[in-house]
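Below you'll find the structure, written out as structure tokens, and then a few comments.
The values are calculated or read from the model by the stated rules, or taken from the named source; none is laboratory data. Nothing here was measured: the structure is a model prediction, and the numbers come from that model. We place every Cβ from the backbone using ideal geometry, glycine too, and count neighbours over all the protein chains shown. Note: areas computed on protein heavy atoms with side chains; ligands, DNA, RNA excluded. Shrake-Rupley method; radii C 1.70, N 1.55, O 1.52, S 1.80 Å.
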Amino acid sequence: MSVVTVQLGQCGNQVGAELFDLCSDALDGQRKVYSSASCERFFRRTAHGGTTPARHPLCWIRSPKTPVHLSRSLPLTELVARAVLVDMEPKAVNQSISRAARSGRWRYGEASHFSQKQGSGNNWANGFCVHGPRHREAVEELVRGEVERCDRLAGLMAVMSVAGGTGSGVGTYVTQCLRDTYSKSFILNHLTWPYMTGEVIVQNYNSVLTLAHLYQLSDAILVHENDTVHRICSQLLNIKHISFSDVNKVIAHQLGNVLQPALTADSHGHYSRNPLGELVSALACHPEYKLLSVCTIPQMPSSSIVYSSFSWPGLLKHLRQMLISNTKMEEGIDWEVCPPRAGSERTRALTGPSFNTSLANLLILRGKDVYSAETGGFEDPALYTSWLSPDEAFSSWKSPVPFNKYEKSATLVSNSQALLRPLDNMVGKAWNMFASRAYIHQYIKFGISEEDFLDSFTSLEQVISSYSQLS
């Protein structure tokens with residue numbers, strides 16, 4: 001089944017381009033069944049006017065079963081991303097389209113992008129109340145075209161940030177339109193949270209308004225924090241001068257680990273059909289709990305991978321402790337945090353080191369000897385809230401196919417208290433600004449009232465309360 005990706009704003013278009021580039025590269029030299037499933041999930045094939053096959057074995061083909069290696073006279077097809085690119089400024093969209101074309105492995109559709117010449121000015125209200133409604137028909141038509149090209153639609157994924165105006169405001173409005181139009185389809189929102197030190201003065205307003213609205217629209221919200229990804233680039237990948245491209249590559253690597261084909265407990269030897277449906281079913285079965293965090297190990301400079309070896313017991317031991325202590329990367333794991341003993345009281349996760357209580361966890365293992373990996377440590381009832389059994393709370397997917405040059409890799413997608421503290425900090429900062437009426441007039445002039453702010457604060461305070469009570 002296929003996933004239609006909607007890339008929104010500068011961040012969404014940059015992350016989306018990195019993701020498709022990684023997924024197209026992952027097709028090279030992989031097993032036929034896996035490659036076919038991955039290709040159907042992210043790309044469609046269209047006729048190409050040329051006759052000379054490209055280097056990529058699945059990029060230029062005569063039919064799904066017959067790669068072209070020798071003939072120069074057969075009609076060719078090429079990989080086209082199942083994606084729609086949207087931004088209120090043309091720069092990010094044009095760069096993504098050009099980069100894909102230069103790769104020689106894939107491209108975006110010729111009529112799958114929409115951009116204007118005036119941005120949203122980092123104002124959620126401008127994006128949601130002005131640009132979104134003004135360009136609704138054009139964007140909906142592009143999405144409809146991609147959906148109709150899918151033989152089987154698995155769902156839609158909106159990739160966006162929450163700090164700016166287009167990604168957050170237009171992104172929220174587009175998600176609302178997708179929910180209205182595709183009411184029975186799964187919708188996953190991938191959000192990039194801004195640096196805590198601040199990228200935009202009103203980023204906390206934009207974040208609060210975005211999250212509060214998406215909580216009513218999306219089936220699940222997968223979050224990457226810029227601060228965490230930046231630390232991974234600095235401390236694990238040893239990058240001295242970190243660029244947005246470096247950050248986006250880490251996000252794409254983790255997101256690709258989640259979305260690539262894998263074998264589930266119910267797949268009976270066949271790669272999972274509906275990645276979004278199975279992700280939501282495994283992790284977001286309760287409407288009060290939709291926030292998903294993700295961490296992947298190992299992560300290291302590409303030059304070091306060939307000199308490193310890993311064992312599944314070692315990887316899973318580290319990943320389990322990262323979950324328990326709410327540590328986002330291998331470096332700096334707090335080994336002092338332990339699951340509470342039966343009958344003991346759990347501590348809240350808002351202040352200081354504490355145990356991270358989970359509602360549900362999905363463990364995704366890829367690579368050599370994957371079926372020998374023992375995952376029992378993640379089935380410990382002490383890891384989960386008391387009102388859900390571990391059988392229902394824990395799921396695992398496995399694939400013997402390595403991903404992105406790592407012989408073995410483990411990814412944990414968690415619906416837990418991991419995002420409770422950053423969410424509480426964000427809401428607190430936004431409330432302090434709102435209490436002093438800072439910049440409120442900039443939102444009111446585009447149609448957002450103070451009551452809309454108050455409704456959003458109330459909604460997120462309920463989310464914070466729900467996650468706090470998992471303990």
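Spot the failing condition for MET329; the list is (1) in a loop (DSSP other than H, G, I, E, B); (2) of a type in the set (A, V, I, L, M); (3) closer than 18 Å to LYS405 by Cβ, and only one is missed. The single condition MET329 does not satisfy is (3). The number of residues in the range 418-471 that are touching a strand residue (DSSP E or B) at 6+ places or on another chain (Cβ under 9 Å) and under 19 Å from PRO194 (Cα atoms) comes to 6.
Closer than 24 Å to ARG45 by Cβ and open to solvent by less than 30 Å² (accessible area, probe 1.4 Å): does that describe GLY165? So GLY165 fails the test.
Taking the range 121-136, which residues are under 30 Å from PHE43 (Cβ atoms) and surrounded by 22 or more Cβ atoms within 10 Å (Cβ to Cβ)? Within the range 121-136, GLY127, HIS131, GLY132 meet the criteria.
ILE448 meets all of the listed conditions (1) at pLDDT below 95; (2) β-branched (Val, Ile, Thr); (3) not in a loop (DSSP other than H, G, I, E, B) but one, namely (3). The one condition from (1) over 16 Å from PRO298 (Cα atoms); (2) open to solvent by 10 Å² or more (accessible area, probe 1.4 Å) that ASN361 does not meet is (2). Test ASN274 against the stated conditions and say whether it is surrounded by fewer than 20 Cβ atoms within 10 Å (Cβ to Cβ), more than 17 Å from ILE297 (Cα to Cα) and either without any contact (Cβ under 8 Å) to a residue 60 or more places away in the chain or in contact with a strand residue (DSSP E or B) (Cβ under 9 Å, 6 or more places away or on another chain) (or both). Here the answer is yes, as ASN274 does meet what is asked.
Tell me whether the range 268-291 contains one or more residues that are at pLDDT 95 or above, over 27 Å from SER449 (Cα atoms) and under 13 Å from the mean Cα position of the chain (by Cα). Checking the range 268-291: not a single residue is at pLDDT 95 or above, over 27 Å from SER449 (Cα atoms) and under 13 Å from the mean Cα position of the chain (by Cα).
Quick one: is THR172 at negative phi and modelled with pLDDT of 95 or more? Here the answer is yes, as THR172 does meet what is asked. The residue list VAL159, VAL147, VAL143 contains one member that is at pLDDT 90 or above, among the hydrophobic types (A, V, I, L, M, F, W, C) and open to solvent by 20 Å² or more (accessible area, probe 1.4 Å), which is VAL147. If I filter the range 70-80 for residues that are in contact with a helix residue (DSSP H, G or I) (Cβ under 8 Å, 6 or more places away or on another chain), within 23 Å of GLN203 (Cα to Cα) and modelled with pLDDT of 85 or more, do I get at least one hit? Within the range 70-80, none of the residues are in contact with a helix residue (DSSP H, G or I) (Cβ under 8 Å, 6 or more places away or on another chain), within 23 Å of GLN203 (Cα to Cα) and modelled with pLDDT of 85 or more. All of (1) surrounded by fewer than 14 Cβ atoms within 10 Å (Cβ to Cβ); (2) more than 30 Å from ASN257 (Cα to Cα) hold for TRP387 with one exception: (2).
For the range 389-413, filtering for residues that are touching a Cys at 6+ places or on another chain (Cβ under 9 Å) and over 30 Å from TYR307 (Cβ atoms) leaves 1.
Here are some residues: SER354, SER344. Which one is more than 24 Å from the chain's Cα centre (by Cα), modelled with pLDDT under 85, farther than 15 Å from LYS408 by Cα and open to solvent by less than 20 Å² (accessible area, probe 1.4 Å)? Only one candidate qualifies: SER354. Of all residue pairs spaced 6 or more apart or on separate chains, those with beta-carbon atoms under 8 Å, a first member in the range 220-248 that is touching a residue at least 12 places away in the same chain (Cβ under 8 Å) and among the small types (Gly, Ala, Ser) and a second member that is in a helix (DSSP H, G or I) and open to solvent by 10 Å² or more (accessible area, probe 1.4 Å) are ALA220/VAL280; SER245/GLN14; SER245/GLU18.
Condition check: of a type in the set (Ser, Thr, Tyr), in a helix (DSSP H, G or I), in contact with a helix residue (DSSP H, G or I) (Cβ under 6 Å, 6 or more places away or on another chain) and within 22 Å of VAL159 (Cα to Cα). Does THR228 satisfy that?
No; evaluated as a whole, the condition is false for this residue.
Any chance you could count how many residues in the range 168-179 are among the hydroxyl-bearing types (Ser, Thr, Tyr) and either open to solvent by 20 Å² or more (accessible area, probe 1.4 Å) or in contact with a His (Cβ under 6 Å, 6 or more places away or on another chain) (or both)? Total satisfying the criteria: 2.
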